[in-house]
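The values are calculated or read from the model by the stated rules, or taken from the named source; none is laboratory data. Because the structure is a prediction, the values reported are computed rather than measured. As a convention, Cβ positions derive from the backbone with ideal geometry for all residues, glycine included, and neighbour counts pool all protein chains shown. Quick note on the areas: whole protein, heavy atoms, side chains included, nothing else; ligands and nucleic acids left out. Shrake-Rupley method; radii C 1.70, N 1.55, O 1.52, S 1.80 Å.
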Amino acid sequence: MEKVTSDISGLQVEDESTADRKLLIAIDFGTTFSGVAWAQTRRPDVQSVIIQWPDATTGGLEGVSSDKVPTELRYEHGECKWGFQVDDYGLRHQWFKLDLDPSQSRGISDLSRQFPDQHALPPGYSASSEKLCTDYLAALRSHTEEVLNFKLPSSVLRSTPIEYIITVPAVWSDLAQAKKLASAQAARIGKGLQIISEPEAAAIYALHAMDPHSIQVGDTFVLCDAGGGTVDLISYTVTELKPILQVAEAANGSGRLCGSTFLNRIFQKFIVEKLSLNDEWDEEVVEDAMKRFDLVTKKAFRGGTNEEFIIPVPGLADDAAQGVRRGKFKMSGADVKKIFDPVVDEVVALVRGQIAATNKKVKAVLMVGGFGQNAYLREMVRASVDSGIEVMQPPNGWTAVVRGALMKGLSQLEPETERVKVASRSARKHYGTEIMSKYDSSKHSKDTSWWDDYDGELKVFDMSWFITKGSPVTEDRAFIRKYHKVWKVSDGPRQTVAQDILVYSDPHDKGAPIYKEGSAVKHLARLTADLSCIPVGELTQRMGKDGLMYYVIYYEIEMTYYSAETKYALVYKSVKYASVTAEYV
């Protein structure tokens, strides 16, 4: 059983001299590419995306100019190379972010099984997924600090507290969220760390970028974040326009591994099968061909079967049957379409499924992410939905997630900067605890009952669900439930009081079960508060029905549901143990 301990106490408060000035760094830790943006709370209108990255040769700021950097690592001679420092040849660690959440292995698409990356290290690397994530995030942090040294005066950097906001997939388990936070803290990104789900961050930016005059209360939008590895969807309905745009989740999010990387993998399989019998064939031919396909062909393709694309295959002998002449291979639009369609079909199915899940009239589908900017994907989505639904590609679609994360983080630090607010979300699971209840023959099995000496009646252990799947939840209101624990005075005082938080995913939406035993209810976290400082004489004592004396501890559990995490507090005698230990199992 795997345990990750997380401090759930929330943001730390700076002293008054620095509380009005902070530097916020947003990190979009993506499956295939990652991005970083930053801003100062004193100038929240000036928001910058880092576009300078070290490469394999320069190692400095002037290596590669790009809105994002590859999420890849390679360990060579005791050195950790990352991003663009990892060249196209040889094995590399990639997609390691997904290994933080083994529970999502069922979401691995047929595409990932049929078209594996020939240069990716196989599962079960020598390094754990936590170490890979920590090393990559540490490299991102170090590079960001180096960039800031050239962007801001040293006096400002020395005196300004730095805080971070990091993105996570919406469908991740709480254990995976805790692992990612632990990796961020190990990479020294822990102080004042906020987290936000990737599709929510993208939606905040995309909705803010829209013409406000085209939005009305009641409008429902589907956000499709189509990236390199994953495609995530979420839907929102507009609830208020003023003073700021407010939206509520219209359906639970969905997603799958069917991003644009699979186009590259299918193309690689195609080119190898097509040309590997050429007498001059070698692996470098594949690399040169894939570069052209990735940078030019898949971006230029519009869906026409009559289109033609030239793929460089330097060194190959002319072969009319293979279509090779003077080191070039002519690829037809029909061949490119065969590469696109298996991937596009999966994305289209996700979009249609999300539209249906809203059970509302959808106004528009907003396409963001690198793959979301593809013209052929846009047109295929447009052709698959009702004619009354617009399909739009907001500006800066590739960096929408990191820009939205920065906006969200700034609004948490400076509420007056908030422009788009997610007023409520749809709970993705059932959350609750196991309690002792009075036996009720109308709903309980007699076989599960037992005699309680304290109350002098039959009791059962059953579930108390304080959040049910699909119910609207907000950050402004904590869910509060009252509990009590009883034990004999003769057993002596306890040093701690603990409560287990349980979760049920309800994959078929049949409702939460009455009992924990015999169901798929899982242990999520254990909250523990220290009672050792309370004098024994102050502990409440009551006489039970059996005439014996019992200690009775009354307490509350508070649960607050955020974009990508849930936070818990145990309250005893008006003292909130907000930094209780939560062990995610």
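Based on a Kirkwood Rh over C-alpha pairs, give the Stokes-Einstein translational diffusion coefficient of the stretch 367-444 at 25 °C and viscosity 0.890 mPa s in µm²/s.
On the way: Rh = 17.2 Å.
Stokes-Einstein gives a translational diffusion coefficient of 143 µm²/s.
Working value for the stretch 423-468: equivalent-ellipsoid semi-axes of 29, 11, 7 Å, each the square root of 5 times a Cα gyration tensor eigenvalue, largest first. This model, with +1 at the C-beta of Lys and Arg and -1 at the C-beta of Asp and Glu, gives the stretch 441-493 a dipole about its Cα centre of some 180 debye. Per residue, the convex hull spanned by the Cα atoms of the stretch 289-341 amounts to 74 cubic angstrom. Counting only DSSP beta bridges with both residues in the stretch 206-362, the antiparallel share comes to about 95 percent. Projected onto the charge dipole of the chain (+1 at Lys/Arg Cβ, -1 at Asp/Glu Cβ, origin at the Cα centre), which of V348, T58, Y504 gives the Cα projection farthest towards the positive end? The one lying farthest along the dipole's positive direction is Y504. The listed residues V171, V347, once ranked by accessible area (1.4 Å probe) with the largest placed first, stand as V171, V347.
Any chance you could tell me what percent of the C-alpha pair distances in the chain go past 34 Å? Tail of P(r) above 34 Å: 48 percent of Cα pairs. Classify the stretch 295-415 as rounded, prolate or oblate from the Cα gyration tensor: take a ≥ b ≥ c as the square roots of its eigenvalues, call it rounded if a/c is under 1.5, otherwise prolate when a/b beats b/c and oblate if not. Note, shape of the stretch 295-415 comes out oblate.
Over all projection directions, the Cα-based convex hull of the stretch 163-217 averages an area of 5.0 nm². Label sites at A317 and D509, each approximated as a point 7 angstrom past Cα along Cα to Cβ, lie 6.1 nm apart.
Work out the P(r) tail for the stretch 494-585: percent of alpha carbon pairs separated by more than 16 Å, whole number. Spell out each step's value before the answer.
Values: 2739 of 4186 pairs.
Here the long-distance tail beyond 16 Å is 65 percent of all Cα pairs in the stretch 494-585.
Think of the chain as having a plus end and a minus end, set by charges on the Cβ of Lys, Arg, Asp and Glu; of P161, P535, T566, P535 sits farthest toward the positive end of this dipole. Taking a ≥ b ≥ c as the square roots of the eigenvalues of the alpha-carbon gyration tensor, the stretch 155-279 is classed oblate because a/c is 1.5 or more while a/b is no larger than b/c. Of all DSSP beta bridges in the chain, what percent run antiparallel (nearest 5)? In the chain, DSSP labels about 80 percent of beta bridges as antiparallel. Classification of the stretch 124-208 by its C-alpha gyration tensor yields an oblate form. The axis ratio a/c (a ≥ b ≥ c) is 1.5 or more, and b/c is at least a/b. Rounded to the nearest 10 degrees, the inclination of helix 333-358 to the longest alpha-carbon principal axis of the chain is 20 degrees. If you look at the Cα atoms of the stretch 217-264, you get an Rg and a Dmax of 14.0, 45 Å.
Shown are H508, H208, H143, whose ranking by accessible area with a 1.4 Å probe and every protein chain present, most to least, is H508, H208, H143.
Each Lys and Arg contributes +1 and each Asp and Glu -1, all at the Cβ; summed about the Cα centre of the chain, the dipole is approximately 1100 debye.
Backbone amide hydrogens, once placed in the peptide plane, bring Q393 within less than 5 Å of M367, excluding anything fewer than 5 places away on its chain. Within the stretch 415-556, the proportion of Cα pairs with more than 22 Å between them is 55 percent.
Rounded to the nearest whole angstrom, the semi-axes of the ellipsoid equivalent to the stretch 243-341, taken from the Cα gyration tensor as √(5λ), stand at 36, 14, 12, largest first.
Each other residue within a Cβ distance under 13 Å of D67 adds +1 if Lys or Arg and -1 if Asp or Glu, for a net charge of +1. Using Cβ point charges alone (K and R +1, D and E -1), the dipole size of the stretch 193-277 about the Cα centre works out to roughly 460 debye.
When DSSP beta bridges are limited to those with both residues in the stretch 356-480, what percentage is antiparallel, rounded to the nearest 5? Intermediate values should be presented prior to the final figure.
On the way: 13 of 16 bridges.
Antiparallel bridges: around 80 percent, rounded to the nearest 5.
Taken as Cα centroids, the stretch 36-96 and the stretch 475-522 sit 44 Å apart, rounded to the nearest whole angstrom.
Calculated mean residue ellipticity at 222 nm for the chain: -7500 deg cm²/dmol, from DSSP H runs with n ≥ 4 weighted as -39500 (n - 2.57), summed, divided by the residue count and rounded to 500. The residues of the chain expose, per residue, 46 Å² of accessible area to a 1.4 Å probe.
A405: net charge of surrounding residues, Cβ under 11 Å, Lys/Arg +1, Asp/Glu -1, itself excluded?
Working: positive: R403, K408; negative: D28, E198, E200.
Around A405, the charge tally is -1.
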